[in-house]
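Working notes, structure below.
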Amino acid sequence: MSQIDRLLPAKIKTPDGKIYDFSYEDLNSSFEKNTSKYRLSDQNGSLIQDFGLAESSYPILIYFIGEDCDVTANDFEESAKIKGVTILSHPIKGDLNVIIEKADRQDSVKTALNQI
């Protein structure tokens with residue numbers, strides 16, 4: 001089985017329970033550890049304490065495609081503004097409980113019509 005065969009369907013479920021299927025391109029993820037670093041004057045190096053995972057991030061460029069992509073994008077935008085947890089069905093990571101911190105929208109009606 002190849003990597004492409006292991007990709008899961010991409011969708012997002014907003015706090016109001018609406019589910020949006022989307023297309024995507026390259027995928028990114030990152031995490032940050034909760035650590036403290038101490039430098040002691042009489043020793044070389046540092047003492048680093050590891051307190052576990054601080055946060056994870058899954059920035060994703062999503063596309064709504066088709067004749068009604070503008071309507072879908074409008075609906076998603078309003079749903080994403082609602083307070084609460086969103087479930088991202090990430091193509092690699094699977095289902096993740098996420099909080100949408102920021103969203104940018106681009107309507108390229110001249111160069112990429114029917115794609116938002």
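The values are calculated or read from the model by the stated rules, or taken from the named source; none is laboratory data. Note that the structure is a prediction, hence the values are computed from the model and not measured. For neighbour counting, all protein chains shown are included, and Cβ atoms are generated from backbone atoms with ideal geometry for every residue, glycine included. Keep in mind that these areas ignore ligands, DNA and RNA; they rest on the heavy atoms of the full protein, side chains included. Shrake-Rupley method; radii C 1.70, N 1.55, O 1.52, S 1.80 Å.
For the chain, calculate the relative contact order in percent as a whole number, restricting contacts to Cα pairs under 8 Å that are 6 or more residues apart. Write out the running numbers ahead of the final one.
Values: 176 pairs, mean separation 35.1, N = 116.
About 30 percent, as a whole number.
In whole percent, and with a 1.4 Å probe on the protein chains, what portion of the accessible area of the chain is carbon and sulfur?
Numbers: 4230 of 9000 Å².
Roughly 47 percent of what the probe reaches on the chain is carbon or sulfur.
Per DSSP H run of at least 4 residues, take -39500 (n - 2.57); add these up for the chain, divide by its residues and hand me the 222 nm value, nearest 500 deg cm²/dmol.
-3500 deg cm²/dmol
Would the chain count as rounded, prolate or oblate if I go by the C-alpha gyration tensor, calling it rounded below 1.5 in a/c and otherwise prolate when a/b exceeds b/c, oblate otherwise?
Cα axes put the chain in the prolate bin.
Show which aspartates and glutamates lie in cross-link reach of Lys13 when reach means a straight Cα distance below 14 angstrom and same-chain residues fewer than eight apart are skipped.
Within reach: Asp21, Asp75, Glu77, Glu78, Asp95.
Quick one: helix 69-80 against the long Cα principal axis of the chain, what's the angle to the nearest 10°, folded into 0 to 90?
40 degrees
With a 1.4 Å probe and all protein chains left in place, how much accessible area per residue does the chain have, in Å²?
On a per-residue basis, the chain sits at 78 Å².
Just add up the charged neighbours of Asp75: K/R +1, D/E -1, any other residue whose Cβ is under 15 Å from the Cβ of Asp75.
Charge balance near Asp75 sits at -3.
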